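Step one of this worksheet: look at the structure below.
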Amino acid sequence: MKTVVLPQHRFYTGNLILSNAQYPYRKGRAWIELNSQNLRHNVNQLYNLLPSGCQLMPAVKANAYGHGAVLVSKELNSFGVHCFCVATVSEGVELRRNGIKGDILILGYTCSKQFFLLNKYHLIQTVIDYPYAEILNAYGKKIKVHLKIDTGMHRLGERSEKFDDICNIFKCKNLIIEGLYTHLCASDNTLPQEKAFTMKQATTFFEVISRLKECGYICPKIHLQASCGLLNYPELSGDYARIGIALYGVLSNREDMLNHTIDLRPVLSVKARVASVKDLFKGENAGYGLQYTANRDRKIAVLAIGYADGLPRSLSCGNGKVLINGYEAPIAGRICMDQTLVDISDIPNVMSGDIAVVIGKSGNSEITAYDLAEQTKTITNELLSRLGARLERIMI
Ligand SMILES: *Cc1c(COP(=O)(O)O)cnc(C)c1O
């Protein structure tokens, strides 16, 4: 009888990393261009805000907020950045399998069936509460961890009030505690209520640490800031700052950016090829559901990008636009899974093979992640992190 060979597990979250020989051209359909200079600029700007000794721990979860985790982390490695945080164990594995060096902290939950991956790939696991510490300890092998303290967000972390349980985590023989951290959940502004809350979170966190020290426990590295925490409360720096969105050169929304003087530069552009150009005669429709009607003779371009690539479908029917040769082309009708129609009636000489800019600059015009986030009533974090796996990612 034939033996059935089960497929090996593969870890793949959308980073198609092939050699240039295997795959020489990455601008064929729709792609993301990453600006290495801007990434380096942002790293330097953020480092200037950190006290000496505090390290940047870039958040490269969710495929580096859509940018491409392997590409971004490789670049950061080359800049001398050597610690990262991710959300999941498979994200950590993917980085390791692509040669990323340094510490990788998993911020989220890892299932006990996957604990072997922590050792195999030298990943640091977050202890999300005391019961989880016991499960992790029972695995029986030494595991490097950072211990998370819940100081008021009430998401992950052992509650700061449960000091005895926190001490019990330190008694777990198999846990090598390399760090302690908390997460600020109202640090995106400095209004009185949010400020008071943030200060209370910080005080609570530092109190837990001093009590632990009084009990003789060693608390190696501490960290509490993400992007907003660093920008609004720079005095709260510890040994690391876990920086995501700011590193990519944007903040969650335009107002946040306007409230700060820090000079951050967007790292990412999204571009797509014009696949086809055609006439649309007066009275004809285009796309699914007859949602676009030519009120007079029009010209339409078909773009090789759709909602499965992360272009939000809510930008359909003129809610969004792209740039072609520096001109605006409104989205015509409904965005499809793989393609999008745009009205190019007012743009001269558009041809198949031309490039449409979805996010980024074209001529003197620009579409920013803020524009798209506003048009789709969300924050840049969501918009960017949903950029799809089919987009090629290129560092320039
Ligand atoms: C995502 C995340 C960060 C990074 O947040 P930004 O606001 O993008 O800088 C930091 N810490 C934790 C726990 C996170 O989940």
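The values are calculated or read from the model by the stated rules, or taken from the named source; none is laboratory data. Only a predicted model underlies this, so the values are computations on that prediction, with no experimental measurement involved. We place every Cβ from the backbone using ideal geometry, glycine too, and count neighbours over all the protein chains shown. Accessible surface areas use protein heavy atoms only, side chains included; no ligands, DNA or RNA. Shrake-Rupley method; radii C 1.70, N 1.55, O 1.52, S 1.80 Å.
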When we measure straight from the Cα of Lys321, which lysines land under 25 angstrom away, once same-chain ones fewer than 8 places off are left out? Lys27, Lys271, Lys278, Lys282, Lys299, Lys361, Lys377
For the range 35-258, what does the relative contact order come out to in percent, with C-alpha contacts under 8 Å and a separation of six or more? 20
Between Lys162 and Lys142, the FRET efficiency computed from the C-beta separation at R0 = 25 Å comes out, to the nearest 0.05, as 0.55
Per residue, how large is the accessible surface of the range 268-367? Use a 1.4 angstrom probe and give square angstrom. 47
So how long is each side of the range 35-258 along the principal axes, counting just the alpha-carbon atoms, biggest first, in Å? 45, 45, 27
What is the projected area of the convex hull of the Cα atoms of the range 268-367, averaged over all directions, in nm²? 5.7
Explain nothing, just the number: dipole magnitude of the range 35-258 about its Cα centre with +1 on each Lys and Arg Cβ and -1 on each Asp and Glu Cβ, in debye rounded to the nearest 20. 760
Working note, the chain: Cα radius of gyration (Å, one decimal) and Dmax (Å, whole number) are 23.9, 80
Using a cut-off of 12 Å between alpha-carbon atoms, which aspartates and glutamates can reach Lys171, once sequence neighbours fewer than 8 places away in the same chain are excluded? Glu134
Ordered by packing density, taken as the mean number of other Cβ atoms within 10 Å over each peptide's residues, highest first, how do 380-392, 294-306 rank? 380-392, 294-306
Over the range 268-367, what is the relative contact order in whole percent, taking alpha-carbon pairs under 8 Å and six or more residues apart? 34
For the range 216-345, report the convex hull volume of the alpha-carbon atoms normalised per residue, in Å³, without decimals. 153
Please list the helices of the chain that count as membrane-span-like by this rule: a mean Kyte-Doolittle hydropathy of at least -1.0 together with Cα atoms stretching 24 Å or more along the helix axis, each helix being a complete DSSP H run. 192-214
Which listed residue (Met337, Leu268, Asn137) has the Cα farthest towards the positive end of the charge dipole for the chain, taking +1 on Lys and Arg C-beta and -1 on Asp and Glu C-beta about the Cα centre? Asn137
With N residues in the range 123-256, Rg(alpha-carbon) / (2.2 N^0.38 Å) equals 1.09
With every protein chain in place, the chain: carbon and sulfur % of accessible area (1.4 Å): 51
Taking a cut-off of 17 Å between Cα atoms, list the aspartates and glutamates near Lys101, but don't count ones fewer than 8 places away on the same chain. Glu75, Glu91
Place the peptides 75-82, 263-270 in order of packing, highest mean first, counting for every residue the other Cβ atoms within 10 Å and averaging per peptide. 263-270, 75-82
In the chain the DSSP beta bridges are antiparallel at a rate, in percent to nearest 5, of 50
Collect residues whose amide H, placed 1.01 Å from N in the peptide plane, falls under 5 Å from the amide H of Gly310; neighbours closer than 5 in sequence don't count. Gly388
When only Cα pairs under 8 Å and 6 or more residues apart are kept, what is the percent relative contact order across the chain? 18
